[in-house]
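The values are calculated or read from the model by the stated rules, or taken from the named source; none is laboratory data. The model shown is predicted, which means the values in this text are computed figures rather than measured ones. Positions of Cβ are backbone-derived with ideal geometry, glycine not excepted, and every protein chain shown enters the neighbour counts. Surface areas here come from the heavy atoms of the whole protein model, side chains and all, with no ligands, DNA or RNA. Shrake-Rupley method; radii C 1.70, N 1.55, O 1.52, S 1.80 Å.
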Amino acid sequence: MNIKIKSVVLLTALAALCGCGPQHKAENTVEDFLENNMKADGYTVMFTKLDSTRHVADSAIHAMRAKAEKSVNFNKGIKYGQTGKQYQYIKTKICIGKDTLDRTFYLQPDLTKVVAFK
């Protein structure tokens, strides 16, 4: 095998491994959440790097949920994941036509459910 083919095979393998990690899982969870809870269709979403936080008070989670309930962009009665002491978060830019929404999504540590967003 020549060096170019080896390089392509190596890069393909690395891309496949990177696509299955926590970043990818968080993005899929948020995309599913948006699909189920956004009122608009035809939007695009861009993500920042996944990160973690420890100091989000329950009162802040409840405030974010209450504000989301009043949002014109999201459905009412959203089902969220359970609260805890530590969260993962990912920031997004959601483009709907000419409008852009900047939102931060807080997820359970296992990245399976959105707990709140702002």
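I'd like to verify a number: residues in the range 37-73 that are free of Cβ contacts under 8 Å to residues at least 40 places away in the same chain, over 21 Å from Lys85 (Cα atoms) and in a helix (DSSP H, G or I), how many?
Result for the range 37-73: 1.
Taking the range 79-103, which residues are without any contact (Cβ under 8 Å) to a residue 60 or more places away in the chain and open to solvent by less than 20 Å² (accessible area, probe 1.4 Å)?
Once the filter is applied, which keeps residues that are without any contact (Cβ under 8 Å) to a residue 60 or more places away in the chain and open to solvent by less than 20 Å² (accessible area, probe 1.4 Å), the range 79-103 yields Gly81, Tyr87.
Say we look at the range 74-118 and pick out the residues that are of a type in the set (Phe, Trp, Tyr) and outside any loop (DSSP other than H, G, I, E, B); which of these is farthest from Thr48 (Cα to Cα)?
So the residue we want is Phe74.
Among what's in the range 39-50 and is surrounded by 12 or more Cβ atoms within 10 Å (Cβ to Cβ) and modelled with pLDDT of 95 or more, pick the residue that is farthest from Lys25 (Cα to Cα).
Val45
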